[in-house]
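Just below is one structure, and these are the notes that go with it.
The values are calculated or read from the model by the stated rules, or taken from the named source; none is laboratory data. Predicted model, so just to flag it, every value in this text is computed and none were measured. With ideal geometry, Cβ positions are generated from the backbone for all residues, glycine too; neighbour counts draw on all protein chains shown. Side chains included, ligands, DNA and RNA excluded: accessible areas come from the protein's heavy atoms. Shrake-Rupley method; radii C 1.70, N 1.55, O 1.52, S 1.80 Å.
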Amino acid sequence: SSNLDLRSELQELIPEQQERLKKIKKEFGSFQLGNINVDMVLGGMRGMTGLLWETSLLDPEEGIRFRGFSIPECQKLLPAASAGAEPLPEGLLWLLLTGKVPSKEQVDALSADLRKRASIPDHVYKTIDALPITAHPMTQFCTGVMALQTRSEFQKAYEKGIHKSKFWEPTYEDCLSLIAQVPVVAAYVYRRMYKNGQVIPLDDSLDYGGNFAHMLGFDSPQMLELMRLYVTIHSDHEGGNVSAHTGHLVGSPLSDPYLSFAAALNGLAGPLHGLANQEVLLWIKSVVDECGENISTEQLKDYVWKTLNSGKVVPGFGLGVLRKTDPRYTCQREFALKHLPDDPFFQLVSKLYEVVPPILLELGKVKNPWPNVDAHSGVLLNHYGLTEARYYTVLFGVSRSLGICSQLIWDRALGLPLERPKSVTMEWLEKFCKRRA
């Protein structure tokens, strides 16, 4: 397409997809997608197919696909800042929203639009500043996003009585503005906590990922490339993960995008979700502190067993859906092999890749013993000077805005309903199963 305006592109696509959904409902509405058993009910709804999520799909063997494209395909096809470099996150945003690979001109136009939307009202900074500087970075970040809610175009349009067929339009405005604003808020939190409050303004010559790194205070070309890669690969992971599902759930009663995304961030802040990338680097540092940088394979095996026998997990390994090495881990490993092969922490991560999976398989309790995205990201960030592990989940949150907001726009465009699954009690389960036995 030669259209440089993302909203106009969506304006053309939405009617087609609305008709597609109507046809699916009419022709296949009564089709069975599978059987739900008691283990699924008691196990956090694992394995239940129950959400429509257009922007990405997670395959147990292949890993994540963004609109049908694997991560290596996205690295090859999406526009980059320079030839052979990592994809620009704006290009992935265009792909998530439209299903089409954008041209460099379309990505540049979207970059310019996002920069225009990135202004932050003063009350947001004042709200963050009211928190103790010792508050967790995610607490400060979530607070800033909530403070941005006063700008919601959707809320204003709904109060004026906008027709439901137009809900997607102010949702689009909110989502694009939110995506533009969260790196600024996130960078403010970082500079407030770790750099004496010395804020770095946005650079109009830089793209989304490059600007985020710049506002944090990192301007080396490799760090800018890493941030582009990081934001791209962390952007979406289908709809069942906690942050994505929470954003969709809170948006389903027509809460505006700011409220929905803030809720998603609170889910992401949990140690079993986005906080894991913080835990990985802290654990790796504990290995080095106890055993030194030149740890042998046997020493590492002993330390892994020590961790497991103490009732803890080895952070960064395993994923509820995947049954192979996370391709997001793989592309970060390739980045490290290219740019920092001699980094001691990277060499330790490489040893862990060899040591941990056989041990987890030996335990016999783990379906997926392979490393996930969190096993690698902290080592890369640490190498380029972003050493504050407590902050890492905020980076994840900025990235996840692309996926959650893209789907929220489509939730409104397709008129997806209020989410309301049925719950039961243990007594109900006992009686039901005894009748069926």
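Quick notes on this one:
- Scanning the stretch 424-433 for any residue that is among the hydrophobic types (A, V, I, L, M, F, W, C), open to solvent by less than 60 Å² (accessible area, probe 1.4 Å) and at pLDDT 95 or above turns up nothing.
- Of all residues in the stretch 118-141, those satisfying the criterion of being over 20 Å from the mean Cα position of the chain (by Cα) and open to solvent by 40 Å² or more (accessible area, probe 1.4 Å) are Ser119, Asp122, His123, Tyr125, Lys126, Thr127, Asp129, Ala130, Leu131, Pro132, Ile133, Thr134.
- Out of Thr150, Thr171, sole residue that is among the β-branched types (Val, Ile, Thr) and open to solvent by 70 Å² or more (accessible area, probe 1.4 Å): Thr150
- Residues that are touching a residue at least 60 places away in the same chain (Cβ under 8 Å) and of a type in the set (A, V, I, L, M) within the stretch 114-159 comprise Leu114, Ala118, Ile120, Val124, Ile128, Ile133, Met138, Val145, Met146, Leu148, listed in sequence order.
- Within the stretch 309-318, the set of residues being open to solvent by 30 Å² or more (accessible area, probe 1.4 Å) and out of contact with any strand residue (DSSP E or B) (no Cβ under 8 Å at 6 or more places or on another chain) comprises Asn309, Ser310, Gly311, Lys312, Val313.
- Against the test of being of a type in the set (A, V, I, L, M, F, W, C) and in contact (Cβ under 8 Å) with a residue 60 or more places away in the chain, the options Leu272, Leu268 yield a single qualifying residue, Leu268.
- Among the residues of the stretch 77-115, those identified as more than 21 Å from Tyr230 (Cβ to Cβ) and hydroxyl-bearing (Ser, Thr, Tyr) are Thr98, Ser103.
- Check on Phe218, crowded, with 22+ Cβ neighbours inside 10 Å, in contact (Cβ under 8 Å) with a residue 60 or more places away in the chain and either under 23 Å from the mean Cα position of the chain (by Cα) or in a loop (DSSP other than H, G, I, E, B) (or both): no
- Condition check for Asn211 on (1) part of a loop (DSSP other than H, G, I, E, B); (2) surrounded by 23 or more Cβ atoms within 10 Å (Cβ to Cβ); (3) among the polar types (S, T, N, Q): one failure, at (1).
- Pairs, first in contact (Cβ under 8 Å) with a residue 60 or more places away in the chain and in a helix (DSSP H, G or I) in the stretch 177-188, second among the charged types (D, E, K, R) and surrounded by fewer than 24 Cβ atoms within 10 Å (Cβ to Cβ), C-beta under 6 Å, six or more apart: Ser177/Arg117; Ala180/Arg117
- Considering (1) open to solvent by 40 Å² or more (accessible area, probe 1.4 Å); (2) farther than 28 Å from Thr143 by Cβ; (3) in a helix (DSSP H, G or I), the lone condition that Val304 does not fulfil carries the number (1).
Results for (1) closer than 19 Å to Gln332 by Cβ; (2) surrounded by fewer than 16 Cβ atoms within 10 Å (Cβ to Cβ); (3) touching a Cys at 6+ places or on another chain (Cβ under 9 Å); (4) modelled with pLDDT under 95, shown as yes or no for each residue.
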residue: Gly68; (1), (2), (3), (4): no, yes, no, no
residue: Glu73; (1), (2), (3), (4): yes, yes, no, no
residue: Leu78; (1), (2), (3), (4): yes, no, no, no
residue: Ser82; (1), (2), (3), (4): no, yes, no, yes
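- Given (1) open to solvent by 30 Å² or more (accessible area, probe 1.4 Å); (2) under 25 Å from the mean Cα position of the chain (by Cα); (3) more than 30 Å from Ile133 (Cα to Cα), index of the condition Lys164 fails: (2)
- Lone unmet requirement of (1) out of contact with any Asp or Glu (no Cβ under 9 Å at 6 or more places or on another chain); (2) in a loop (DSSP other than H, G, I, E, B); (3) under 30 Å from Leu51 (Cα atoms) for Ala262: (2)
- The set of residues from the stretch 280-298 being free of Cβ contacts under 8 Å to residues at least 60 places away in the same chain, part of a helix (DSSP H, G or I), surrounded by fewer than 16 Cβ atoms within 10 Å (Cβ to Cβ) and of a type outside the set (D, E, K, R) comprises Ser286, Cys291, Thr297.
- Pairs with Cβ under 6 Å, 6+ apart, first in the stretch 16-37 and under 25 Å from Ser165 (Cα atoms), second surrounded by 12 or more Cβ atoms within 10 Å (Cβ to Cβ) and not polar (S, T, N, Q): Leu21/Leu414
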